[in-house]
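In what follows, a single structure is set out as structure tokens and then discussed.
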Amino acid sequence: MERQLFSKILSLPQRIRNRYGKRRDIPEYVPLALVPPKRKIAVPSAWAGLEEIIPDILDRFNVGRKRCIEFGVEFGYSTVILSNYFDRVIGIDLFEGDLHTAHKGDHYLRTKESLADFPNIELHKCSYQSWIERDQDQYDFAHVDIVHTYKDTYRCGLWAAEHSTVTIFHDTESFLDVRNAVIDIAKKTGKSVYNYPHHYGLGIVVSV
Ligand SMILES: C[S@@+](CC[C@H](N)C(=O)[O-])C[C@H]1O[C@@H](n2cnc3c(N)ncnc32)[C@H](O)[C@@H]1O
């Protein structure tokens, strides 16, 4: 209860920016096909609905299907969606919730149990900050859905964009800070950026 109130106070400037800040344009991503995945799990998530455009993104940008990395797993909804399309999915999360999540408190074991039937998912309970310090690998695909501040999205997303063919970012419509970070990452890396404006928004940063 106290933590919820603290989060509300801390995120007040961000909520004001969301309401009154200037929205920079991003070209819209229009999928040619919406394809439901074979497997998904019934856990709470604001990501629901986005699963249907993932195959379209992978086909359009010729994304390899070997290695995917995700920052921000929470209960595993998006992680399972991604596990339909890659040989291996690495999920990084503190599993403690953050300023913006409804759930606060350790949920690592709960998520681990929910994902027990997906052997190609590998969970790591650690911060994105410590992960990106030691990982030099390249990935076919990356997903960034951590705490929705400009600073964290930019830092984690820049690493992801530099280490993957395509990086997607959730919440470009609901958080101006995420939208701005995504635009600035594309500029910094010389990549293109698109936005799918449904289900709270999905930013897509890609080399073409
Ligand atoms: C919006 S949720 C992810 C939702 C998930 N992608 C889904 O499909 O529903 C954000 C997650 O980011 C995690 N997180 C926040 N800050 C983090 C950090 N610095 N390092 C790693 N994970 C972090 C939180 O613990 C939380 O589980």
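Points worth noting:
- Residue check for Glu74: near the ligand (Cβ under 10 Å from one of its atoms), buried (at least 16 other Cβ atoms within 10 Å of the Cβ) and of a type in the set (Asp, Glu): yes
- So Val182, is it within 12 Å of the ligand (Cβ to nearest atom), surrounded by 24 or more Cβ atoms within 10 Å (Cβ to Cβ) and in a helix (DSSP H, G or I): no
- Every condition in (1) touching a residue at least 40 places away in the same chain (Cβ under 8 Å); (2) closer than 22 Å to Gln138 by Cα; (3) surrounded by fewer than 17 Cβ atoms within 10 Å (Cβ to Cβ) is met by Ile69 except one, and the failing one is (3).
- Of all residues in the stretch 120-143, those that are assigned to a strand (DSSP E or B) and near the ligand (Cβ under 10 Å from one of its atoms) total 3.
- Matching residues, the stretch 82-93, being surrounded by fewer than 18 Cβ atoms within 10 Å (Cβ to Cβ) and either acidic (Asp, Glu) or under 14 Å from the mean Cα position of the chain (by Cα) (or both): Asp87
- Residue count for the stretch 18-35, restricted to those that are β-branched (Val, Ile, Thr) and farther than 18 Å from Val206 by Cα: 1
- Residue match in the stretch 102-111 (condition: closer than 24 Å to Val178 by Cβ and at pLDDT 95 or above): yes
- Condition check for Phe169: of a type in the set (Phe, Trp, Tyr), within 12 Å of the ligand (Cβ to nearest atom) and in contact (Cβ under 8 Å) with a residue 60 or more places away in the chain: no
- Residue pairs meeting the criteria (Cβ under 9 Å; at least 6 apart or on separate chains; first exposed (fewer than 10 other Cβ atoms within 10 Å of the Cβ), in the stretch 5-27; second of a type in the set (S, T, N, Q)): Asp25/Asn195
- Those residues of the stretch 114-149 which are farther than 19 Å from Phe95 by Cα and buried (at least 19 other Cβ atoms within 10 Å of the Cβ), in sequence order: Tyr139, Asp140, Phe141
- Ala116 passes every criterion in (1) more than 14 Å from the ligand (Cβ to nearest atom); (2) of a type in the set (Gly, Ala, Ser); (3) in contact with a Leu (Cβ under 6 Å, 6 or more places away or on another chain) apart from (3).
The values are calculated or read from the model by the stated rules, or taken from the named source; none is laboratory data. A quick note: this is a predicted structure, and the numbers were derived from the prediction, not measured. All Cβ positions, glycine included, derive from the backbone under ideal geometry; neighbour counts span all protein chains shown.
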